[in-house]
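A short write-up of the structure that comes next.
The values are calculated or read from the model by the stated rules, or taken from the named source; none is laboratory data. None of these values were measured; they are calculated from a predicted model. Keep in mind that these areas ignore ligands, DNA and RNA; they rest on the heavy atoms of the full protein, side chains included. Shrake-Rupley method; radii C 1.70, N 1.55, O 1.52, S 1.80 Å.
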Amino acid sequence: MTDNKGKLIVISGPAGSGKGTVVKEILALDDRYSLSVSATTRTTRPGELHGREYYFISRDEFETRLAAGRMLEYNVYCDEYYGTPLDEMEAALSEGKYFILEIEVNGASRVRELYPEALLIMVTPPDYDTLEARLRGRGTETEDVIQRRLATSRDELARLSMFDHILVNEDGKFHDLAETIVSIVDGTPHDESKVENNPSFAEKFFGNK
Ligand code: 5GP
């Protein structure tokens, strides 16, 4: 990664953080960016397309790709495999792209180990109640899946310290957030969102939940 002009940017955050919408907005704003399409074994949601949101593949196929060393990182999230294909990332970075990985925190941690210079950004809803409302409002998951995603959000926010910035995605503000991320990537200091300057974010987020 040090041999080329590209940048690696990880955007993580609890399910319901709206990070997918923010990432789409960054791609629409600025054509230096491209997005990694992950592989997953989970089933498609309405409106999702193979090769656009994800490569939807079987467990056997996922395990074959893993064994062949074709994944940069992977994780099992709520019983399903998710992983970043290595070849697309290498091509994008060598073309000088700003390559976004939209992945959960275990994957982010692996990227931090492999590429210490990557920029890691956590996008989160303002608080737990908003997170729960957004997950339910989506109407695409069963109650069991919603509960597991809510529980996972606790582990995710407990591991904030590996990130560079934490950015709150207020309702309706995804455009502003996309612009903020672009300016951070371009080197504008943004001290108020630095993780080290928000030491008790998780406590405030969960309150007495
Ligand atoms: P969803 O099922 O809501 O699309 O994704 C579930 C979680 O998996 C999200 O936090 C998403 O960012 C994460 N995810 C998607 N692709 C990958 C990947 O390639 N690797 C890892 N580690 N997580 C991923």
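Translational diffusion coefficient of the range 90-130 (Stokes-Einstein, Kirkwood radius from Cα pairs, 20 °C, 1.002 mPa s): 177 µm²/s. Summed over the residues of the range 139-191 and divided among them, the accessible surface reaches 51 Å² per residue at a probe radius of 1.4 Å. Taking 22 Å as the limit for the C-alpha separation, the pairs Lys19/Lys194; Lys173/Lys209; Lys7/Lys204; Lys24/Lys209; Lys19/Lys173 exceed it in the case of Lys173/Lys209; Lys7/Lys204; Lys24/Lys209. For the chain, the share of accessible area belonging to carbon and sulfur comes to 48 percent (1.4 Å probe, ligands and nucleic acids excluded).
Taken per residue, the accessible surface of the range 21-63 reaches 55 Å², heavy atoms only and a 1.4 Å probe. Annotation: average projected area of the range 74-186 is 8.0 square nanometres, based on the convex hull of Cα atoms across all directions. With Rh defined as the Kirkwood radius, the inverse of the mean 1/r over Cα pairs, the Rg/Rh of the chain is 0.94. In the range 1-90, the alpha-carbon atoms span a convex hull of 114 Å³ per residue. Full extension of the chain between Lys5 and Arg42 gives 9.9 nm of extra length, using 0.36 nm per residue less the Cα-Cα distance.
Can you give the % of DSSP beta bridges in the chain that are antiparallel, to the nearest 5? Bridges in the chain that DSSP calls antiparallel: roughly 30 percent.
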